[in-house]
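The values are calculated or read from the model by the stated rules, or taken from the named source; none is laboratory data. It should be emphasised that the depicted structure is a prediction, and the values quoted were computed from it without experimental measurement. With ideal geometry, Cβ positions are generated from the backbone for all residues, glycine too; neighbour counts draw on all protein chains shown.
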There are 2 protein chains.
Amino acid sequence: MTPSQFREEGKKMIDWIADYYEGIENMPVLSQVKPGEIKNRLPGSAPQQGETMEQMIDDVNKIIMPGITHWQSPDFYAYFPSNNSFPSILGDLLSSGLGVQGMIWATSPACTELETRVMDWLVDMLGLPGKFKSTSMGGGVIQDTASSSALTAIVAAREKTTAFKSNENGVAGKLVAYVSTQTHSSLEKAAKIAGIGKNNLRAIDVDGNFAMKPDALKAQIEKDKKDGFTPFFVCATIGTTSSNAVDPIEEIGKICEEGNYWLHIDAAMSGTAMLCPEFRHHQKGVELADSYCFNPHKWMFTNFDCDCFWVADRNHLINTFSILPEYLKNKATESGAVFDYRDWHIQLGRRFRSLKLWFVIRHYGVEGLQFHVREHVRLARDFARWVDESTDFDLVVEPLFNLVCFSHKAGDTFNIKLMDTVNRTGEIYFTHTRLNGKVVLRMSIGQSNTNEKHLQKAWKLILTKARELILRR
Amino acid sequence: MTPSQFREEGKKMIDWIADYYEGIENMPVLSQVKPGEIKNRLPGSAPQQGETMEQMIDDVNKIIMPGITHWQSPDFYAYFPSNNSFPSILGDLLSSGLGVQGMIWATSPACTELETRVMDWLVDMLGLPGKFKSTSMGGGVIQDTASSSALTAIVAAREKTTAFKSNENGVAGKLVAYVSTQTHSSLEKAAKIAGIGKNNLRAIDVDGNFAMKPDALKAQIEKDKKDGFTPFFVCATIGTTSSNAVDPIEEIGKICEEGNYWLHIDAAMSGTAMLCPEFRHHQKGVELADSYCFNPHKWMFTNFDCDCFWVADRNHLINTFSILPEYLKNKATESGAVFDYRDWHIQLGRRFRSLKLWFVIRHYGVEGLQFHVREHVRLARDFARWVDESTDFDLVVEPLFNLVCFSHKAGDTFNIKLMDTVNRTGEIYFTHTRLNGKVVLRMSIGQSNTNEKHLQKAWKLILTKARELILRR
């Protein structure tokens, strides 16, 4: 394909995407296909001769699109937001077009230095401590996901505790890590991958708001120490996936400080709220953290993948992950004057990760981002009020940010049936969790274009389907 | 930004990228900036109010572009190819635009099923064994990088060997893994992360072609077993980074089969060559592999990131990485009829990874891809012949694929000086390695638009600068 053909095909693709967003509300949010339906419509082997873009786009329309669940629909309330914006798409397009490898500073200095700058901006934007800035001992790096951040943090903590002996000799001894019963599953996955073991990950009990109990954490640590274990890592969450609970950062942080345990804060879901000063009391004590992550690819209008990860002391990270084969040696690295981000995460290779984040922040400006976050929170509070005022539904927890947890009074089976019935209409899509053993419905309100009208439609639909199901019993 | 503004801005961006490729040969390949130069030109804090795309593109042109090393230039011969193509950019753009999360089948069935199909296509395209197909016990998944594939393989192997006890209790015992002295550094990184430890990774000696010696592997395994260690994992490479050496897969595979050790094949660099049947003798014995990866984002015209990873028995993988919190439970997963790719890698979230690969394969067709691979190999052989026929340079190894290793007879210091001098001209960019302790220059020939004319210019420039430096001594 020549540059001039690319001009033509590229512009068609831009129009395709614009058309998609203009018509997105007319499509069923949840894909209605059966397992194997898409695969069976695709040929069993690759074409020998090249095909035209027209044929490919035709297949996208006919074969792929029926199998898409529309995460960008304003009627999408499932799981978590994965919201997108046009400036983000353009930043990502530029990154694809440039096709640079940012594994080390020398392989494209702008790729490293823009990332450093943008990550420093975000420290201020989110009210995070100055120690996370590149100008201090810390620094930030863009990871792909919070799962990778969690793994990176747990491995760095393991090395800090064992004085890099685990990197040398493998994991020995009895290292234990702490999370709450509500912590994201990626921490369990990370503990397994890092050779800590699931049985050495303690799930601490939570209070009525599903936040970790610091006393229970303290008691477990004491018990473990008595039993000959070595506590080394605690993960506190700002906005759990199930219910958006916030662990008491300051109290947990003090326990970590006293024991010299690594404190990782997982703010993947709700860190974006910290753009607004009125929510920052939720992260009181954040200066005690050794590492912190949040996901612009969830609630900050940045398309997947983009997870921001900071550490308070980058030497722990670099000493843990650094590898320097001959073919990557260069003067800039030897000078010590540059960051080589390859030493800050699992991967070696990396695309120009910060471009889209830079575009998003500059397009919206801090005030624009704050405006949209506040709107989503306001909508969540409206929805919570409607639930509260209804006769058939209960509000399970008061929403702190943009997630509403609620349930119909008719019990677990009914709630699942109601959810499936509503989702099958294709009008909206939402999902469930389980809290205190009971099924809870979740409305995660954070898509870029969701407004009051969409939410009212959703609530009306849920009420209508609930009544129909009750009548049919 | 409204859809209609996006149409306008998006088309400008498409033109920007087309302009970039049309003018890429006029820019210095290697960025000439000093550490901090880019960062210092970027403001210290984020804008409060939104800015226009025009301002952002203006900054891209003025601030970012001087800090770009042009990996897509036809004059780029450094490290490894990271070649790109317009269909790949369009596939990636579509993925950004759709913004779907493919973490589980249910969150966008097409995202999972297209990936399964394309990965099955590639098994045939590369002459890999049928056991890697989704229709057998195996299957493929797109990872971000070969580093992640290596980590995934080593962790799955660890669990297979310890009957999932490491996942439960952490790494204990004396597991040992085997690589060659030429194996990629990502294996050492993976061994560290997985809690195996660097000291339990044995670097086996290589022969005159830098390929692992199977006898040395066998001897080391015997010694380790006698010393009470548990061998569990061997990595064989098809195309090492330093010199494109190929380990003897069949002999290594038989050793693994006999001892029941996991055999991972890292074909990140040169797996693309297997598109052409005449190179497949290099992977003789591949049916003995437990896992295999290659990087379309290196040499197969697919922009970063895209690493293809297969396993012979997907149950080992899934049982190792599976996590199923309540909020991800759904009927399709429970039915067992679908793949949830989140259980096949480190991350939970994932974008629509297969679209760009699908576009690339369909655009070129198998024959088109073969044509370009053969061209690059032909160019590498031409270059090797020029080196061989010259009086001042030595060919270090006969090139098997698209990498030429050579050196000037004047010694290490001179070679580094020559490389730096040539790279500073901005005309071409190439890098070095060290083989048998000596500095070796590397021409990695694999950019999408590199042709004979570019290569002739490169060789002429290297000759000229070498003569100038000799005269000036």
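What number of residues within segment A:349-397 are among the small types (Gly, Ala, Ser) and away from chain B (no Cβ under 14 Å)? Residues that pass the stated criteria total 3.
When residues of segment A:249-268 are filtered for being among the β-branched types (Val, Ile, Thr) and either under 13 Å from A:Ser291 (Cα atoms) or at pLDDT below 95 (or both), how many remain?
2
Among the residues of segment A:191-208, those that are surrounded by fewer than 22 Cβ atoms within 10 Å (Cβ to Cβ), touching a helix residue (DSSP H, G or I) at 6+ places or on another chain (Cβ under 8 Å) and more than 13 Å from chain B (Cβ to nearest Cβ) comprise A:Arg202, A:Asp205. Against the list (1) among the hydroxyl-bearing types (Ser, Thr, Tyr); (2) facing chain B (nearest Cβ under 7 Å); (3) surrounded by 23 or more Cβ atoms within 10 Å (Cβ to Cβ); (4) not in a loop (DSSP other than H, G, I, E, B), the condition A:Thr112 fails is (2).
Quick grid of which residues meet (1) surrounded by 24 or more Cβ atoms within 10 Å (Cβ to Cβ); (2) assigned to a strand (DSSP E or B):
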residue	(1), (2)
A:Ala156	yes, no
A:Lys160	no, no
A:Ala172	no, no
A:Val179	yes, yes
A:Lys189	yes, no
A:Phe210	no, no
A:Ala216	no, no
A:Ala219	no, no
A:Cys235	yes, yes
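Only a single criterion out of (1) facing another protein chain (nearest Cβ under 7 Å); (2) modelled with pLDDT of 95 or more; (3) surrounded by fewer than 18 Cβ atoms within 10 Å (Cβ to Cβ) is not satisfied by B:Asp58, namely (1).
When A:Ser82, A:Ser45, A:Ser96, A:Ser73 are checked against the criterion of being in contact with an Asp or Glu (Cβ under 7 Å, 6 or more places away or on another chain), farther than 30 Å from A:Lys329 by Cβ and facing chain B (nearest Cβ under 7 Å), a single residue qualifies: A:Ser45. Can you find a residue that is surrounded by 24 or more Cβ atoms within 10 Å (Cβ to Cβ) and of a type in the set (A, V, I, L, M) anywhere in segment B:374-396? Among the residues of segment B:374-396, not one is surrounded by 24 or more Cβ atoms within 10 Å (Cβ to Cβ) and of a type in the set (A, V, I, L, M), which makes the answer no.
Return a yes/no flag: does segment A:255-266 have any residue that is surrounded by 20 or more Cβ atoms within 10 Å (Cβ to Cβ), assigned to a helix (DSSP H, G or I), in contact with a strand residue (DSSP E or B) (Cβ under 7 Å, 6 or more places away or on another chain) and not polar (S, T, N, Q). Yes, segment A:255-266 contains a residue that is surrounded by 20 or more Cβ atoms within 10 Å (Cβ to Cβ), assigned to a helix (DSSP H, G or I), in contact with a strand residue (DSSP E or B) (Cβ under 7 Å, 6 or more places away or on another chain) and not polar (S, T, N, Q). When each of A:Thr135, A:Thr162 is tested for being in contact (Cβ under 8 Å) with a residue 12 or more places away in the chain, more than 19 Å from B:Ser166 (Cα to Cα) and more than 8 Å from chain B (Cβ to nearest Cβ), the lone residue that passes is A:Thr135. Take the conditions (1) surrounded by fewer than 21 Cβ atoms within 10 Å (Cβ to Cβ); (2) aliphatic (A, V, I, L, M); (3) in contact with a Gly (Cβ under 8 Å, 6 or more places away or on another chain); A:Ala410 misses just one of them, which is (3). Just one of the listed residues (B:Leu93, B:Leu151, B:Leu128) is surrounded by 24 or more Cβ atoms within 10 Å (Cβ to Cβ) and within 24 Å of A:Phe76 (Cα to Cα), namely B:Leu93.
Yes/no matrix, rows are residues, columns are (1) of a type outside the set (Gly, Ala, Ser); (2) in contact (Cβ under 8 Å) with a residue 12 or more places away in the chain; (3) out of contact with any helix residue (DSSP H, G or I) (no Cβ under 7 Å at 6 or more places or on another chain):
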residue: B:Leu418; (1), (2), (3): yes, yes, no
residue: B:Gly426; (1), (2), (3): no, yes, yes
residue: B:Thr433; (1), (2), (3): yes, yes, no
residue: B:Gln456; (1), (2), (3): yes, no, yes
residue: B:Trp459; (1), (2), (3): yes, yes, no
residue: B:Thr464; (1), (2), (3): yes, no, yes
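Among the residues of segment B:321-341, is any over 30 Å from A:Phe430 (Cα atoms) and either within 14 Å of chain A (Cβ to nearest Cβ) or crowded, with 24+ Cβ neighbours inside 10 Å (or both)?
Within segment B:321-341, not a single residue is over 30 Å from A:Phe430 (Cα atoms) and either within 14 Å of chain A (Cβ to nearest Cβ) or crowded, with 24+ Cβ neighbours inside 10 Å (or both).
Can you work out which of the residues in segment B:175-211 that are in contact (Cβ under 8 Å) with a residue 12 or more places away in the chain and among the hydroxyl-bearing types (Ser, Thr, Tyr) is farthest from B:Ser270 (Cα to Cα)? Within segment B:175-211, the match that is farthest from B:Ser270 (Cα to Cα) is B:Tyr178. A:Ile64 fulfils the conditions (1) free of Cβ contacts under 8 Å to residues at least 60 places away in the same chain; (2) among the aliphatic types (A, V, I, L, M); (3) buried (at least 24 other Cβ atoms within 10 Å of the Cβ); (4) within 30 Å of B:Thr431 (Cβ to Cβ) except for a single criterion, (4).
Annotation note: of B:Leu400, B:Leu357, the sole residue that is in a helix (DSSP H, G or I) and of a type outside the set (Phe, Trp, Tyr) is B:Leu357.
Among the residues here, A:Tyr327 qualifies as part of a helix (DSSP H, G or I) and aromatic (Phe, Trp, Tyr).
Every listed requirement among (1) modelled with pLDDT of 95 or more; (2) assigned to a loop (DSSP other than H, G, I, E, B) is met by A:Ile416 save one, (2). Of all residues in segment A:131-141, those being out of contact with any Asp or Glu (no Cβ under 6 Å at 6 or more places or on another chain), surrounded by fewer than 24 Cβ atoms within 10 Å (Cβ to Cβ) and either within 9 Å of A:Ala312 (Cβ to Cβ) or not polar (S, T, N, Q) (or both) number 2.
Per the listing B:Glu25, B:Glu37, B:Glu51, B:Glu8, the residue uniquely of a type outside the set (A, V, I, L, M, F, W, C) and facing chain A (nearest Cβ under 7 Å) is B:Glu51. Among the residues of segment B:272-282, are any surrounded by fewer than 24 Cβ atoms within 10 Å (Cβ to Cβ) and without any contact (Cβ under 8 Å) to a residue 60 or more places away in the chain? Looking through segment B:272-282, at least one residue is surrounded by fewer than 24 Cβ atoms within 10 Å (Cβ to Cβ) and without any contact (Cβ under 8 Å) to a residue 60 or more places away in the chain.
Would you pick out the residues in segment A:138-159 that are small (Gly, Ala, Ser), touching a strand residue (DSSP E or B) at 6+ places or on another chain (Cβ under 8 Å), within 20 Å of B:Ala191 (Cα to Cα) and facing another protein chain (nearest Cβ under 9 Å)?
Matches in segment A:138-159: A:Ser148 only.
Being in contact with a Leu (Cβ under 9 Å, 6 or more places away or on another chain) and within 14 Å of chain B (Cβ to nearest Cβ) is a property that holds for A:Lys417. Within segment B:307-320, the set of residues being buried (at least 24 other Cβ atoms within 10 Å of the Cβ) and farther than 14 Å from B:Pro129 by Cβ comprises B:Asp307, B:Cys308, B:Phe309, B:Leu317.
One residue stands out in segment A:424-453 among those that are among the hydroxyl-bearing types (Ser, Thr, Tyr) and not in a loop (DSSP other than H, G, I, E, B): the one that is farthest from the chain's Cα centre (by Cα), namely A:Tyr429.
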